[in-house]
Amino acid sequence: MSLTHSKSKHGEGRECVITRRACFSSSHRYWLPEKSPKENIALFGKCSIAPGHGHNYELVVSMGGELDAYGMVLNLSDVKHSIKDKVTEPLDFRFLNDVWPEFDITQEKGILPTTEALVSIIWNRLKDDLPLTSLRLYESPTLWADYYGKKMEALLTIQTHFNAAHRLAKDDISLSENKKIYGKCARVNGHGHNYFLDVTVRGEIDPRTGMICDLPSLQKIINDFVVEPLDHTFLNKDIEYFKTCVPTCENIALYISDILSDPIKKIGANLNKIKLQESPNNAAEIYLEQSNSNSLQINLEKKIFTQV
Ligand SMILES: [Zn+2]
Ligand SMILES: [Zn+2]
């Protein structure tokens, strides 16, 4: 593109992804009529309790396209109205199981309104109105689903946290060399962080339970393999692996991704991404399935991330 062209037309014709956020509050209940009360309780835990419970959902709609002569991908007023008419107005202050026929579990094709099932059905209802690139639906600040329009495939993320101390230093170099490389992090008695850990799994949404994998099992795996062993430890001394490996944020994230991969596979999902936030200014992300991720989204996330 020539300079004159870009000057006269500014951004017109160039591609951009925009996002629009919308909120709604709804209730739901996980209960399948073909299962006994005992089976329902075993499968869905507290989510099976009648008459249900509610969430303040947050939906982030990403849309892509070329800028028009007015400097916009889409007219935001049209975007706002589509999301309101198709999603927030029908769902807000409603019992999800009763709102849309997709959630009618008395029918053979009915699916439970889990976060991942709900985000895929929202996609179907918005896709003819908006040039969607991805949808993210937060059920709470610590549980959300991403959907990219790939049939029954979705991503589910659980956020958890643990506190640990560490010291960044290599055994085979001097203290002054370590201080040159790691700065204050090389001080001999260590220091601590409140770590936030996001674990993202990818899988197929079950057409009946609406789940990528059994959520309590996933939570138990993260707790048993990561949170319990690492929480309130001095990583360099208490965790065998870090006696010989410097526990940088990157190395801890890699260690977590290595120990979670197999157990997550055993419950029928794939570990897609690990994000470890060490402080508000510092985080590490490990992408385990690069080809399945939306590369543009990743690039945008990285750009935002480096600005923090
Ligand atoms: Zn719920
Ligand atoms: Zn540190």
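All of 220, 243, 237 fail the test of being modelled with pLDDT of 95 or more and within 24 Å of residue 139 (Cβ to Cβ), apart from 220.
Applying the selection to segment 17-37, what residues are among the hydrophobic types (A, V, I, L, M, F, W, C), surrounded by 14 or more Cβ atoms within 10 Å (Cβ to Cβ) and either more than 16 Å from ligand 1 (Cβ to nearest atom) or assigned to a strand (DSSP E or B) (or both)? 17, 18, 22, 24 - these are the residues of segment 17-37 that are among the hydrophobic types (A, V, I, L, M, F, W, C), surrounded by 14 or more Cβ atoms within 10 Å (Cβ to Cβ) and either more than 16 Å from ligand 1 (Cβ to nearest atom) or assigned to a strand (DSSP E or B) (or both).
Within segment 137-166, being within 16 Å of ligand 1 (Cβ to nearest atom) and touching a His at 6+ places or on another chain (Cβ under 8 Å) holds for 139, 140. May I ask you to list the residues in segment 173-203 that are within 16 Å of ligand 2 (Cβ to nearest atom) and within 18 Å of the chain's Cα centre (by Cα)? Passing the criteria: 195, 196, 197. When 57, 70 are screened for being surrounded by fewer than 18 Cβ atoms within 10 Å (Cβ to Cβ) and either aromatic (Phe, Trp, Tyr) or without any contact (Cβ under 8 Å) to a residue 12 or more places away in the chain (or both), only 70 passes.
Among residues of segment 118-150 being without any contact (Cβ under 8 Å) to a residue 40 or more places away in the chain and out of contact with any strand residue (DSSP E or B) (no Cβ under 8 Å at 6 or more places or on another chain), the one that is farthest from residue 23 (Cα to Cα) is 150. Test residue 168 against the stated conditions and say whether it is touching a Cys at 6+ places or on another chain (Cβ under 7 Å), buried (at least 17 other Cβ atoms within 10 Å of the Cβ) and in contact (Cβ under 8 Å) with a residue 24 or more places away in the chain. When the stated conditions are applied, residue 168 passes them. Give 40, 56 a once-over and let me know the one that is at negative phi, among the polar types (S, T, N, Q) and assigned to a helix (DSSP H, G or I). Sole residue among the options that is at negative phi, among the polar types (S, T, N, Q) and assigned to a helix (DSSP H, G or I): 40.
Between 129, 206, 224, the distinction of being more than 16 Å from ligand 2 (Cβ to nearest atom), surrounded by fewer than 21 Cβ atoms within 10 Å (Cβ to Cβ) and not assigned by TED's automatic domain parsing to the domain that holds residue 268 belongs to 129 only.
Can you go through 40, 75 and tell me which one is over 17 Å from residue 115 (Cβ atoms) and either basic (Lys, Arg) or surrounded by 12 or more Cβ atoms within 10 Å (Cβ to Cβ) (or both)? Full working, then the answer.
Values: 75 fails: either basic (Lys, Arg) or surrounded by 12 or more Cβ atoms within 10 Å (Cβ to Cβ) (or both).
40 is the lone residue from the list that is over 17 Å from residue 115 (Cβ atoms) and either basic (Lys, Arg) or surrounded by 12 or more Cβ atoms within 10 Å (Cβ to Cβ) (or both).
Checking every residue in segment 89-99 against the condition of being at pLDDT 95 or above, surrounded by 12 or more Cβ atoms within 10 Å (Cβ to Cβ), more than 22 Å from the chain's Cα centre (by Cα) and in a strand (DSSP E or B) gives at least one match.
Do the conditions hold for residue 148, that is, is it aromatic (Phe, Trp, Tyr) and touching an Asp or Glu at 6+ places or on another chain (Cβ under 8 Å)?
no
Here segment 100-129 is the region considered, the condition is being among the hydroxyl-bearing types (Ser, Thr, Tyr) and away from ligand 1 (no atom under 15 Å from the Cβ), and the residue that is modelled with the lowest pLDDT is 106. Going residue by residue through segment 259-274, is there one that turns out to be more than 23 Å from residue 192 (Cα to Cα), small (Gly, Ala, Ser) and in a helix (DSSP H, G or I)? So far as segment 259-274 goes, yes, one or more of its residues are more than 23 Å from residue 192 (Cα to Cα), small (Gly, Ala, Ser) and in a helix (DSSP H, G or I).
The values are calculated or read from the model by the stated rules, or taken from the named source; none is laboratory data. All values derive from a computational prediction rather than experimental measurement. Cβ coordinates were reconstructed from backbone atoms using ideal geometry, including for glycine residues, and neighbour counts include every protein chain displayed.
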